[in-house]
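Reviewing the structure listed below.
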Amino acid sequence: MFKNLLSKNKPNKKTNPENQKGVLESEKIYQKGMATVKDIIAPASFKINVDHIKVNKKLASTLFIYTYPRYLQTNWLSPIINMDVTFDLAIFIHPIGTAEILKNLKKTVTQIQSRVSMEEEKGMVRDPMLETAYQDVESLRDDLMQGTEHFFQFGLYITVYADNKKDIAQVETKIESMLETKLIYAKPATMQMDDGFVSTLPLGSDRLSVGNNMNTSPLSTAFPFVSSDLTSNQGILYGINRHNNSLILFDRFSMENANVVIFAKSGAGKSYAVKLEILRSLMMGTEVITIDPEDEYKHLCETVGGTFIRISLSSKHHINPFDLPPVTGDESGADILRSAVTNIAGLLKVMLGNITAKEDAILDKAIAETYAIKDITPDADFAKMTPPTMQDLETVLESMEGAKDLAIKIKKYTEGSFAGFLNHHTNIEIENELIVFNIRDMEEELRPVAMYLVLHHIWTLIRAKRKKRILVVDEAWWMMQHEDAASFLFAIAKRCRKYYMGLTTITQDVTDFLGSRYGKPIVTNSSVQLLLKQSPAAIKMVVETFFLTDEEKFLLLESNVGEGIFFAGSKRAAIKIVASYSEDQVITSDPAQLMEIEKAKQELAEEVAG
C-alpha cells in the first residue's frame, strides 16, 4: 500500500523541488526496509584472517594449485571429488588466442634450438630435457596449427570447511598429499583468503587469478565426473551405465575368478537380474545350475527346456550324500575320499545341531567305516562301486561304543518323518544346460540341510567333469546361519575357479550374511559384486563392507527397481538392468504378469484340445 502511495507521489514537472526531495527521501527509506536475496543468503558474521576466514561459526581455507607434471592421468581429480569432507571446488578455464600462443611458441623453439647448438659447439653431452622440451613444443605447434588443440589458462581452487584450525589443517594436508602423489602441488591462499573464498562461490568470479597454461588434452583430464567403462568385446549385457548410457558388456570369466555376490532388499530386482544373466549366459554356451528356494526359476526352466528337480520330503527325486566323483588325473582317491568324509561330517552337524568334540570324532570315524563296509577305499574305482546310504551310517554308529545317542538322532532321517529325504540312492540325472533344484516345499528347519545336500551333490558332479558353468545359490543367508554350511559355501567360492565355474550368491538379508565369519571372505573372493536398492537398516554394513562414498550410499537408498551399482574388480558403475520384451516374459517375477502368462497358456491349450 505504501508503495502505491509513493507511486502516486512520483515527481513530475509540476511538483516543486521541496516536494520532490521529500518523495525521494521516502523512497530511500522504503528501499532500506526491503529484503533482498543478498540479505537472505548473507552470513551473520564474516571475519577475514591471514590463513583462514570465519563464516558464522565455521572456518574456511582456500588452496590453489600452482604446478602440474608433464603428463596427467585421466580422472586424477576424482579422489578429491569423492573425499568425505565438506569443500567447494572451482575450475576456471580462460581461452587464449591461438595466434598469440603460436608466436610465443616460435620464440621458445628458437631459444631451445639456440641453446642446443651452443652446447654442441662446446662439445657438451646432449641434454635429454632440452630435446624433450623441443619435441613437446613442436608437437603442440602442429596441433594448434591444425586446430586439433587449443590453449587455455587453467585455475583450480578448493575451499575446505571445518569447525577448528586443527581440522582445517588435517584436511589441507590430506588434499595436498593426494595431489602430490600425482606430482601436482597446491598452496594455501595466504593473505588472500577472502579472494579465494569468493572465487569458489558460484559467482563465476576468478579473484585469485592463479592460472597454468594448458592445451586441450591435459585440460580434459581434469573433468571430475568420469565413470568406469565396462564395455568389452566378450561376455553378456548386464545393463546400461546410468552415468554415460553406455552398455555394460562384461565377461565374468575374464576376472581372477568368476564369482558374483548380489545384495538387495526384497523386491529390488535381484532375482530378475540373475535370471536375465542366466538366460543370456545360456545363449553363450554356459551351463547353469541353480538352487531355487522360492519357485522363482521354474518358468524360466520350463521355457528353455531345462531340468527342474524338486527336493522335498515327499519328492520322487533323491540325492545320496555319500556319492563320490570318479578319480580324475589331478586328484587321488585318498584326497576325494577324505574330502567326502569331511563334507558329510559337515552335513551331519547341520542336521544334528550342536555336537561335542567327542561326537565329532566319532562321526568322522563312523563315516570312514561306512565307506569301508561297501569296499570303498582310496584304491577303489569309485565309478564301479555302490555308495552307502544314511541307513548304513546308522548301522555303523549302533555298533560303535559311545555312539548310540548319535544313532538315535540319525534315526529320524532313516525311519522317522524325514526318512524320504536322505536315505535313498541318487536317482537324478544332470545332463542339461540349465538345472534347477527347487526346495520351496522343504520344511523351514530342513532348508539349510537341503541346500547343503544339493551343493554337495553339485560339487561332486562339478569335480567329475570340467565345464564352463555358473552355480547360483539364491537366499544364501540360510546357509550362513550354520557354521559348517557357511564353511562349505566358502570352500566352493575359493575352489570353483579350478573347475571353470563361477559361484553366484544372492541374499536379501545382508546382516545375516555378513554377520557370519564366512560372509565377508565370500565377498572378497568374488571379483564381481552387484548392489541393488538397499534398506536403511542394512546400508551401514553395506557401506563398511564395500567402502562406498556418501553419493553411492544415497544412490542405493534411492534407486528404483533394477538399479544399483555394478562392481568389477576396481571398476564400478551405476547400472540399470534392462531386458527386452521377450526376455521379460520369460524371467518376470511379477505375480500379475505370471498370472497373465498362465492364463494365456491355458487358453492356448484349450484351443489346441478343441
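Which of the residues that make up region 70-97 are over 32 Å from the mean Cα position of the chain (by Cα), closer than 27 Å to Arg207 by Cβ and exposed (fewer than 15 other Cβ atoms within 10 Å of the Cβ)? Talk me through it step by step, then tell me what you get.
In the first step, residues of region 70-97 are kept if they are over 32 Å from the mean Cα position of the chain (by Cα); the result is 70, 92-97.
Within this subset, residues satisfying the condition of being closer than 27 Å to Arg207 by Cβ are 92-97.
Of everything in region 70-97, those that are over 32 Å from the mean Cα position of the chain (by Cα), closer than 27 Å to Arg207 by Cβ and exposed (fewer than 15 other Cβ atoms within 10 Å of the Cβ) turn out to be Ile93, His94, Pro95, Gly97.
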For region 545-594, which positions are surrounded by fewer than 20 Cβ atoms within 10 Å (Cβ to Cβ) and on the phi > 0 side of the Ramachandran plot?
Phe547, Gly569
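Which of the following residues is aliphatic (A, V, I, L, M) and in contact (Cβ under 8 Å) with a residue 24 or more places away in the chain: Ala169, Ala162?
On the way: Ala169 fails: in contact (Cβ under 8 Å) with a residue 24 or more places away in the chain.
Within the list Ala169, Ala162, the selection yields Ala162.
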Would you check which residues across region 133-173 are part of a loop (DSSP other than H, G, I, E, B) and closer than 18 Å to Gly211 by Cα and list them?
His150
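Yes or no, residue by residue, for (1) within 22 Å of Tyr581 (Cα to Cα); (2) among the hydroxyl-bearing types (Ser, Thr, Tyr); (3) without any contact (Cβ under 8 Å) to a residue 12 or more places away in the chain; (4) not assigned by TED's automatic domain parsing to the domain that holds Met442:
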| site | (1), (2), (3), (4) |
| --- | --- |
| Ala258 | no, no, no, no |
| Glu277 | yes, no, no, no |
| Leu282 | yes, no, no, no |
| Thr286 | no, yes, no, no |
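Before we move on, is Ala383 over 30 Å from the mean Cα position of the chain (by Cα), of a type in the set (Gly, Ala, Ser), in the same structural domain as Ser339 (by TED's automatic domain parsing) and surrounded by fewer than 15 Cβ atoms within 10 Å (Cβ to Cβ)?
Details: over 30 Å from the mean Cα position of the chain (by Cα): yes; of a type in the set (Gly, Ala, Ser): yes; in the same structural domain as Ser339 (by TED's automatic domain parsing): yes; surrounded by fewer than 15 Cβ atoms within 10 Å (Cβ to Cβ): yes.
So Ala383 passes the test.
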Find the helices (runs of 4 or more DSSP H) located wholly in region 396-514 whose residues include 2 or more that are within 39 Å of the chain's Cα centre (by Cα) and of a type in the set (Gly, Ala, Ser), and list them.
447-464, 483-495
Qualifying residues in region 199-225 (those that are within 30 Å of the chain's Cα centre (by Cα) and not in a helix (DSSP H, G or I)) - the one farthest from Ala162 (Cα to Cα)
Thr221
How many residues of region 356-382 are among the β-branched types (Val, Ile, Thr) and without any contact (Cβ under 8 Å) to a residue 24 or more places away in the chain? The answer is 2
Do you know which of the residues in region 259-268 that are small (Gly, Ala, Ser) and touching a strand residue (DSSP E or B) at 6+ places or on another chain (Cβ under 6 Å) is surrounded by the fewest Cβ atoms within 10 Å (Cβ to Cβ)?
Ala268
Looking at region 174-198, which of its residues are assigned to a helix (DSSP H, G or I), in contact (Cβ under 8 Å) with a residue 12 or more places away in the chain and over 36 Å from the mean Cα position of the chain (by Cα)?
Met193, Asp194, Asp195, Gly196, Phe197
When region 254-271 is examined, which residues are found to be modelled with pLDDT of 90 or more and not in a loop (DSSP other than H, G, I, E, B)?
Val260, Val261, Ile262, Phe263
Among the numbered criteria (1) touching a residue at least 60 places away in the same chain (Cβ under 8 Å); (2) loosely packed, with under 14 Cβ neighbours inside 10 Å, which one does Asn343 miss?
(2)
Within region 346-380, of all residues that are of a type in the set (Val, Ile, Thr) and within 23 Å of Ile492 (Cα to Cα), the one farthest from the chain's Cα centre (by Cα) is Ile367
Extreme residue, farthest from Val473 (Cα to Cα), among residues of region 515-543 that are in contact with a helix residue (DSSP H, G or I) (Cβ under 6 Å, 6 or more places away or on another chain) and in a loop (DSSP other than H, G, I, E, B)
Gln534
Inspect all residues belonging to region 524-547 and state whether any of them is in contact with a Ser or Thr (Cβ under 8 Å, 6 or more places away or on another chain) and free of Cβ contacts under 8 Å to residues at least 60 places away in the same chain.
yes
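The values are calculated or read from the model by the stated rules, or taken from the named source; none is laboratory data. For clarity, every value in this text was computed on a predicted model and none was experimentally measured. In this analysis, Cβ positions are derived from the backbone assuming ideal geometry, glycine residues included, and neighbour counts consider all displayed protein chains.
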